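Notes follow the structure.
The values are calculated or read from the model by the stated rules, or taken from the named source; none is laboratory data. What you are looking at is a predicted structure, and each value in this text was computed from that prediction instead of being measured. As a convention, Cβ positions derive from the backbone with ideal geometry for all residues, glycine included, and neighbour counts pool all protein chains shown.
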Protein chains: 2
Amino acid sequence: MSDTCVLVLDTDPLPDLDRLSGRARVVHADEKSLAERLPEADVLLVWDFLSDAVREAWPGGGPRPRWVHTPSAGVDRLLPELADSDTVLTNARGVFDQPIAEYVTGLVVAMAKDFRGSWELQRERRWRHRETFRVGGTRAVVVGSGPIGRKIGRTLMALGVTVDLVGRTEREGDPDFGRVHGIDGMNTLLAGADWVVCVAPLTESSRGMFDAAAFSRMKPGAHFINVGRGQHVVEADLLEALHGGRIAGAALDVFHTEPLPEDSPLWEAPGLWISPHMSGDTVGWRNDLAVQFLDNFDRWYAGEPLHNVVDKGLGYVPAT
Amino acid sequence: MSDTCVLVLDTDPLPDLDRLSGRARVVHADEKSLAERLPEADVLLVWDFLSDAVREAWPGGGPRPRWVHTPSAGVDRLLPELADSDTVLTNARGVFDQPIAEYVTGLVVAMAKDFRGSWELQRERRWRHRETFRVGGTRAVVVGSGPIGRKIGRTLMALGVTVDLVGRTEREGDPDFGRVHGIDGMNTLLAGADWVVCVAPLTESSRGMFDAAAFSRMKPGAHFINVGRGQHVVEADLLEALHGGRIAGAALDVFHTEPLPEDSPLWEAPGLWISPHMSGDTVGWRNDLAVQFLDNFDRWYAGEPLHNVVDKGLGYVPAT
């Protein structure tokens, strides 16, 4: 079986790949050569997970590759093309939970305490005491009930925040949150939220969900945080909400176009904090992602069931 | 008893003072008139708790005032003068626990995730992905085992940080922390800390405790956070540690001289975050502080024991 072919779409070098030696032949492709290489692959590792090349190069239904792994939580850059084939799709569920929960919690406190205002005053050597906001006792709506959203919710609760978790469908009896709200109930919840956090998978139904109508339902003091996908947000509507003072502030880690173009009006929108799609990327993350793939390869090679198999209809790994 | 005199050292108006009417006569003083007014006071409320005027105006041992209340956690601006009289001293223990714990936790995450680096890049419209640090799994030493230090410790633990709490004397069996380390053991702990947080009361033994020797024991990647008092830190030594890359960064909310003078070299020290003594000051804080005093006045007027009585020898309210 050492003629198993693992095709790697990469730009950066992949750590620890010699764990495959004796079991698989590794072939590398870039965006240009991908279409040509795909037919010989048994396994495709989308190491360059920000690339859209797989959708473009996808050969259609057929036996190969039998397994595609993306080292990201979102699989939106692979669907719907892969949905129509028998190919098994796996993702990086788990790796990003703690880092992104830390990141979002830090944003909430930094906004409540106006850290950016302090930093701007420091640049000007100005001492100006302000009263800031208490985080404990505020209310957050976290849209996305996968493991990252759950971890964000639990971490905010540890700071004394009341959290409403929103998933695809309403359910009761959740061990951490009691009720998980359905997406149909989101609009009602928005009116009571101090913090609205988007960490949903990007699907046809979630695309553009944060639009003028959604922002108009939020409180004037509310802050919006997006660590999901840029396409969840109608950026022009967010700009209008910020310029009009409709909401108090926002933080975006993801954008329609990445890197965010230098001439984007988002850079200077009032109360908007921009970071370059890095909320989950802590030192050692690439190694963690490589190990996660290689562990799954061990299972695949041994004929065992893979971990983190995506439901390609839903667009994410269903809760077990 | 309506000839009870409550003297208020104030600059800002004090909310809700009419709760005293019928029970006390309220007299206001500023720093200049304080010495003249003090002899007539039964109760002194140091509403301007950043003032050093009380120490200067203090008449020495004697029957009046019988009770002094400071709406701050630290009582260092009143000692040692008050220690030699029978006057009862109370403080604002409790009001600042949650806000300061939030503030410190936010600083830890903001430093780990390089939020300031992201703001600087945003100002320049530059997209530059970086790997940041995971907070979970790091180690913090919190110096100060009063309610604020304990709340900081518990909040960091909720983010997955291992916390060593340092108090005056070592003790075992703490319900939250197991062992509380004695100040004698601090130097050993510093070598293992990613985060060193000072929230100790300022006493003769804690003055200047963060000096060149202390910074030299920390890891090159360590960050130091001071929400205690400026005098805990030898500022020149901290500057040297930051300029020499001896530690990775620091955040100061308190300073030897407040407001921090415009020509202070601290404003531009590498990796130093400056805020204007506001870590505990959330919207409504003045009201909370006034209510805390007025509740204690109810007890005093009824002849009941006061809450938050400071041990003037120790310089803080001992744990019950």
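In table form, for the structure just shown:
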item	result
Strands (runs of 3 or more DSSP E) (entirely within the range A:34-95) containing at least 1 residues that are more than 19 Å from residue A:3 (Cα to Cα) and among the aliphatic types (A, V, I, L, M)	A:88-90
Which numbered condition residue B:32 misses (of (1) closer than 25 Å to residue B:299 by Cβ; (2) free of Cβ contacts under 8 Å to residues at least 60 places away in the same chain)	(1)
Residue within the range B:123-134 that is in contact with a strand residue (DSSP E or B) (Cβ under 7 Å, 6 or more places away or on another chain), under 30 Å from residue B:295 (Cβ atoms) and either modelled with pLDDT of 95 or more or at the interface with another protein chain (Cβ under 7 Å from one of its Cβ atoms) (or both) present	no
Test: residue A:192 is at positive phi, away from chain B (no Cβ under 13 Å) and either over 21 Å from the mean Cα position of the chain (by Cα) or not in a helix (DSSP H, G or I) (or both)	no
Selection count, the range B:118-139, where residues are among the small types (Gly, Ala, Ser) and closer than 21 Å to residue B:196 by Cβ	2
Subset of the range B:135-144 [facing another protein chain (nearest Cβ under 7 Å) and surrounded by 20 or more Cβ atoms within 10 Å (Cβ to Cβ)]	B:135
For residue B:72: the one exception among (1) within 25 Å of the chain's Cα centre (by Cα); (2) touching a residue at least 40 places away in the same chain (Cβ under 8 Å)	(2)
Sole exception among (1) aromatic (Phe, Trp, Tyr); (2) assigned to a loop (DSSP other than H, G, I, E, B); (3) more than 14 Å from chain A (Cβ to nearest Cβ) for residue B:255, by number	(3)
Unique residue being crowded, with 21+ Cβ neighbours inside 10 Å and more than 30 Å from residue B:190 (Cβ to Cβ) when the list is B:59, B:65	B:65
The range B:72-92, subset among the acidic types (Asp, Glu) and more than 22 Å from residue B:251 (Cα to Cα), residue nearest to the other protein chains (Cβ to nearest Cβ)	B:81
Among (1) buried (at least 20 other Cβ atoms within 10 Å of the Cβ); (2) within 10 Å of chain B (Cβ to nearest Cβ), the one test that residue A:154 misses	(1)
Meets criteria (in contact with a helix residue (DSSP H, G or I) (Cβ under 9 Å, 6 or more places away or on another chain), modelled with pLDDT under 95 and within 14 Å of chain A (Cβ to nearest Cβ)) for residue B:273	no
Number of positions in the range A:164-189 that are hydrophobic (A, V, I, L, M, F, W, C) and either in contact (Cβ under 8 Å) with a residue 40 or more places away in the chain or more than 19 Å from residue A:152 (Cα to Cα) (or both)	3
Subset of the range A:93-117 that is surrounded by fewer than 22 Cβ atoms within 10 Å (Cβ to Cβ) and among the small types (Gly, Ala, Ser) - its residue that is farthest from the other protein chains (Cβ to nearest Cβ)	A:94
From A:306, A:238, A:289, A:260, residue being within 14 Å of chain B (Cβ to nearest Cβ) and in contact with a strand residue (DSSP E or B) (Cβ under 8 Å, 6 or more places away or on another chain)	A:260
Filter result for residue A:192 (small (Gly, Ala, Ser) and under 27 Å from residue A:77 (Cβ atoms))	no
Out of B:253, B:298, sole residue that is surrounded by fewer than 20 Cβ atoms within 10 Å (Cβ to Cβ) and either over 20 Å from residue B:147 (Cα atoms) or out of contact with any helix residue (DSSP H, G or I) (no Cβ under 6 Å at 6 or more places or on another chain) (or both)	B:298
From the options B:43, B:75, B:27, residue that is under 26 Å from residue B:227 (Cα atoms) and either in contact with a helix residue (DSSP H, G or I) (Cβ under 7 Å, 6 or more places away or on another chain) or surrounded by 18 or more Cβ atoms within 10 Å (Cβ to Cβ) (or both)	B:75
Condition broken by residue A:236, with the remaining ones in (1) among the small types (Gly, Ala, Ser); (2) part of a helix (DSSP H, G or I); (3) surrounded by 14 or more Cβ atoms within 10 Å (Cβ to Cβ) satisfied	(3)
Scan of the range A:233-261 for residues that are farther than 18 Å from residue A:278 by Cα and either without any contact (Cβ under 8 Å) to a residue 24 or more places away in the chain or among the basic types (Lys, Arg) (or both), ordered by number	A:236, A:244, A:246
